[in-house]
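Here it is, the structure, as structure tokens.
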Amino acid sequence: MVVSPKIAPSMLSSDFANLAAEANRMIDLGANWLHMDIMDGHFVPNLTIGAPVIESLRKHTNAYLDCHLMVTNPMDYVEHMAKAGASGFTFHVEVAKENWQQLVQKIKSAGMRPAVALKPGTPVELVYPLVEGTTPVEMVLVMTVEPGFGGQKFMPNMMDKVRALRHKYPTLDIQVDGGLGPSTIDTAAAAGANCIVAGSSVFGAPEPGDVISLLRTSVEKAQPTT
């Protein structure tokens with residue numbers, strides 16, 4: 001079963017002073033999604049952007065805004081992110097163990113695509129009920145670094161989680177985020193990841209479009225042929 005590659009440059013690595021231009025440049029260079037890191041300074045130590053920035057960016061692009069909420073209370077963000085124009089809403093399983101069904105339903109009702117993320121230290125089994133629920137998430141994000149900062153080193157041992165998910169759910173969108181680039185993409189793609197978040201490796205490249213193309217090609221080549 002083939003899953004389509006979705007390359008999502010992490011706008012955390014972009015020039016925030018020129019966010020609209022950077023976003024459109026990435027789409028013009030072949031990106032499928034724009035990955036937006038929303039951090040609250042509590043769930044993770046860093047503090048980044050919120051709904052007002054998403055709303056401002058939405059006025060300048062029709063792109064899929066893949067919003068990853070590294071926040072302690074995701075339920076409080078659903079309405080604001082939907083109104084701002086978020087396309088996807090990824091919450092962390094670590095803060096949603098008690099109310100994930102209600103949260104997923106609220107995300108879908110607000111017109112966004114629900115997804116769940118897990119930190120490196122979180123067992124992959126915790127997300128299985130969310131994929132198999134009556135109102136399931138539509139993507140799982142496996143963090144390949146500790147969330148909170150860009151430019152970290154890729155953790156290859158996280159690929160065991162990706163392999164487990166791909167084996168169990170052949171058609172699921174599986175996203176990886178952290179340290180992805182030309183030197184690590186083949187490992188991630190071979191494990192079964194098809195949604196690739198890449199920040200510094202794209203924005204720091206002399207030719208970002210070439211990196212986006214390389215990431216996509218790697219995912220396509222790793223697809224099963226039968």
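Could you figure out which of (1) over 18 Å from Gly88 (Cβ atoms); (2) within 18 Å of the chain's Cα centre (by Cα); (3) in contact (Cβ under 8 Å) with a residue 60 or more places away in the chain isn't true of Val2?
Result: Val2 fails condition (2) only.
Among (1) open to solvent by 20 Å² or more (accessible area, probe 1.4 Å); (2) touching a Lys or Arg at 6+ places or on another chain (Cβ under 8 Å), where does Glu22 come up short?
Result: Glu22 fails condition (2) only.
So that you can scan it fast, the table gives a plain yes or no per residue for (1) touching a Gly at 6+ places or on another chain (Cβ under 7 Å); (2) modelled with pLDDT of 95 or more; (3) open to solvent by less than 30 Å² (accessible area, probe 1.4 Å):
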| position | (1), (2), (3) |
| --- | --- |
| Phe43 | no, no, no |
| Leu47 | yes, no, no |
| Ala63 | no, yes, yes |
| Pro74 | no, yes, yes |
| Ala86 | no, yes, yes |
| Val93 | no, yes, yes |
| Lys108 | no, yes, no |
| Pro114 | no, yes, yes |
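Moving to a separate point now. I'd like to know if segment 125-133 contains one or more residues that are of a type in the set (Asp, Glu) and touching a residue at least 12 places away in the same chain (Cβ under 8 Å).
no
Follow-up question, since we're still on this one. Scan segment 181-191 residue by residue and report those that are open to solvent by less than 10 Å² (accessible area, probe 1.4 Å) and assigned to a loop (DSSP other than H, G, I, E, B).
Taking segment 181-191 and keeping what is open to solvent by less than 10 Å² (accessible area, probe 1.4 Å), we get 181, 185, 188-189, 191.
The one that is open to solvent by less than 10 Å² (accessible area, probe 1.4 Å) and assigned to a loop (DSSP other than H, G, I, E, B): Gly181.
For segment 25-40, does any single residue satisfy the condition of being open to solvent by 30 Å² or more (accessible area, probe 1.4 Å), free of Cβ contacts under 8 Å to residues at least 12 places away in the same chain and more than 20 Å from Ser213 (Cα to Cα)?
Within segment 25-40 (the criterion being open to solvent by 30 Å² or more (accessible area, probe 1.4 Å), free of Cβ contacts under 8 Å to residues at least 12 places away in the same chain and more than 20 Å from Ser213 (Cα to Cα)), the answer is no, since none of the residues qualifies.
Next up: Which of the residues that make up segment 75-111 are closer than 19 Å to Trp33 by Cβ and part of a loop (DSSP other than H, G, I, E, B)?
Passing the criteria: Gly85, Ala86, Ser87, Ala110, Gly111.
What is the number of the single condition among (1) of a type in the set (Val, Ile, Thr); (2) open to solvent by 10 Å² or more (accessible area, probe 1.4 Å); (3) outside any loop (DSSP other than H, G, I, E, B) that Ile174 does not meet?
Ile174 satisfies all of (1) of a type in the set (Val, Ile, Thr); (2) open to solvent by 10 Å² or more (accessible area, probe 1.4 Å); (3) outside any loop (DSSP other than H, G, I, E, B) except (2).
Out of all the residues in segment 198-213, is one or more within 18 Å of Asp173 (Cβ to Cβ) and open to solvent by 60 Å² or more (accessible area, probe 1.4 Å)?
Within segment 198-213 (the criterion being within 18 Å of Asp173 (Cβ to Cβ) and open to solvent by 60 Å² or more (accessible area, probe 1.4 Å)), the answer is no, since none of the residues qualifies.
The values are calculated or read from the model by the stated rules, or taken from the named source; none is laboratory data. Note that the coordinates shown come from a computational prediction; the quantities given were computed from them, not determined experimentally. Glycine also receives a Cβ, built like all others from the backbone with ideal geometry; neighbour counts cover every protein chain displayed. Note: accessible area is taken over every heavy atom of the protein model, side chains too, but ligands, DNA and RNA are not part of it. Shrake-Rupley method; radii C 1.70, N 1.55, O 1.52, S 1.80 Å.
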